[in-house]
Every structure is written in C-alpha cells, then in structure tokens.
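Novice: Pasting in a structure now, in structure tokens, and then I'll have a few things to ask.
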Amino acid sequence: MSATATTSAVGTASLRQLLADRASAAEITRFLDALSPQARVEEALTVTGKWVGRLYDAMEGSPLSSIDDLVPPSETGVVIYEGRNSLPLFSRFQKRFTRMGNAVVGYNHQTMSFVTGPGYFIVQPPSGEAPAPDELYFDYTEPPPGEPAGWPAYKPNTSGLSTAVYGNMKDYMRRVAKGVVVGKAFKKGVDQGAYFSLSRAI
C-alpha cells in the first residue's frame, strides 16, 4: 500500500474506509481493537456485499489460532455471534455455539431457517489440507453429537432445501480482531464466492 493510502487508512474512522484504502491486516486489527466491544460489532456489521469478501482477502495469513479463540472453554452456555453475509438480501443472521463434550457445535439462527433448516455444523481445527490448510472451519458435513437443550431439531444438511444452502459445505475462518472473524464458504472444496463476518461484544 502506498504512503498516501497508509496515511489515509490510519486516520480513517470506519472499517469500510479501511477496506476501500486497502489497509493491511495489521491496520484493520489495530483499528478495531481500539474500539469498545459494541463499537467493534457495529463496525463489522456495516461491512456488506462485496466488502465482506474484501475483508476476508485483507485478512489473509490471519487464521484463528484455536477453537478456544472462538468459544472459550470457560463459557459453558450458548455463545452468540452476530453475522453479516455478502448476499444482497437476508444478510443478517446469528451463529450460535455451545460445547458438547469435546465438540463445539453451532447452528444458524436466521429468519429463513423454517425453509433452509437450522444448518448445524461442528467447529473443526485446521485440517492441513486444501483449500485453506491453516484455517479453522465450520463443518456442515458432520452431524452434531446431539441437540443442545432449547435448540432447533436437527435436520441433515443434505435433506430437502437444506442441501442447496448447507449441503457439502465447509466455512473457513480468519481472525479480524477481538471478537471478530470473517469466513468464506466452500462446497466439496469449490469456492462459492460467499462470505460472512461474525462479531461478538467481548
């Protein structure tokens, strides 16, 4: 990035402008970490459409170091992240997580779940394999070990309309800042051109 762009990025007041200025991953992290927890969530949610993909690209080389970064072992209840995807419609959602024994299980809480199903997934450590060998991922191909109390009934991701949304999918994650991550969807290893951010006020 040029000196002019760097100066602009450092002095900016929004994540969206940082992305437009092609700020580095370090600059993006530093900007967000300097905000209050709630302000970080609000900044993440303002990034929409193609800019969510730009955020994922900007954070290349910034994987989550472990599953515990996403869901700390000390949190035994439900952990909720606010989500924003790159779709033009129905872009707001939540991913909700909980620990079940040694597994961290999650599902998608959103307005269209009565059509798509809950989209259960298991959080997996980096696989060491393509397409993102160093990135933690959400595995929609494995069933959960059970249904957490109060969660939607489990529905296979290869059943009915769930197949089109969640079937054969793995979401690969990159760290953005404290409580903020960004992900990209692949199906059978094929890039779907679909991105999302998750943020939590911590």
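The values are calculated or read from the model by the stated rules, or taken from the named source; none is laboratory data. A quick note: this is a predicted structure, and the numbers were derived from the prediction, not measured. Positions of Cβ are backbone-derived with ideal geometry, glycine not excepted, and every protein chain shown enters the neighbour counts. Heavy atoms of the whole protein, side chains included, go into the accessibility calculation; ligands, DNA and RNA do not. Shrake-Rupley method; radii C 1.70, N 1.55, O 1.52, S 1.80 Å.
Novice: Any chance you could count the Lys pairs in the chain whose alpha carbons are under 13 Å apart, treating pairs 8 or more apart or on different chains as valid?
Specialist: 4
Novice: Relative to the longest principal axis of the C-alpha atoms of the chain, give the angle of the C-alpha long axis of helix 37-46, reported between 0 and 90° and rounded to the nearest 10°.
Specialist: The answer is roughly 90 degrees.
Novice: Here's something else I'd like to know. Just to confirm my numbers, what's the Cα centroid distance between the stretch 140-157 and the stretch 167-202 in Å?
Specialist: 19 Å
Novice: Given (1) 52, 35, 34; (2) 49, 36, 26; (3) 60, 33, 28 as candidate values of Cα extents along the principal axes in Å, which corresponds to the one derived from the coordinates?
Specialist: After the calculation, the listed value that fits is (1).
Novice: Provide the per residue accessible area, probe 1.4 Å, for the stretch 50-179, rounded to a whole number of square angstrom.
Specialist: Numbers: 6130 Å² over 130 residues.
That works out to 47 Å² for each residue.
Novice: Also: Sorted by packing (mean other beta-carbon atoms within 10 Å per residue), highest first, where do 189-201, 168-180 land? Intermediate values should be presented prior to the final figure.
Specialist: Values: 189-201: 18.0, 168-180: 22.2.
Top of the packing list down: 168-180, 189-201.
Novice: Here's something else I'd like to know. Mind running the shape call on the stretch 32-132? Use the C-alpha gyration tensor, a ≥ b ≥ c as the square roots of the eigenvalues: rounded below 1.5 for a/c, prolate if a/b tops b/c, oblate otherwise.
Specialist: On the way: a/c = 1.32, a/b = 1.12, b/c = 1.18.
Because its axes are fairly even, with a/c under 1.5, the stretch 32-132 counts as rounded.
Novice: Another question, then. Determine the share of the chain's accessible area contributed by carbon and sulfur atoms, expressed in whole percent, with a 1.4 angstrom probe. Walk me through the intermediate numbers first.
Specialist: Values: 5080 of 9450 Å².
Heavy-atom surface of the chain belonging to carbon and sulfur, 1.4 Å probe: 54 percent.
Novice: For the chain, what is the mean residue ellipticity at 222 nm derived from helices alone (per DSSP H run of n ≥ 4: -39500 (n - 2.57); sum divided by total residues; nearest 500 deg cm²/dmol)? Present the calculation step by step, with values, prior to reporting the outcome.
Specialist: Numbers: 8 runs with 55 residues, N = 202.
Taken over the chain, the calculation gives -6500 deg cm²/dmol.
Novice: Hey, what did the chain get for relative contact order, percent, Cα under 8 Å, at least 6 apart?
Specialist: Values: 409 pairs, mean separation 44.4, N = 202.
It rounds to 22 percent for the chain.
Novice: Something else now. Quick one: what are the phi-derived ³J(HN,Hα) couplings along the stretch 117-128, Karplus 6.51/-1.76/1.60 with θ = phi - 60°, whole Hz, x for glycine and proline?
Specialist: Rounded to whole hertz, the list is x, x, x, 5, 8, 10, 7, 10, x, x, 8, x.
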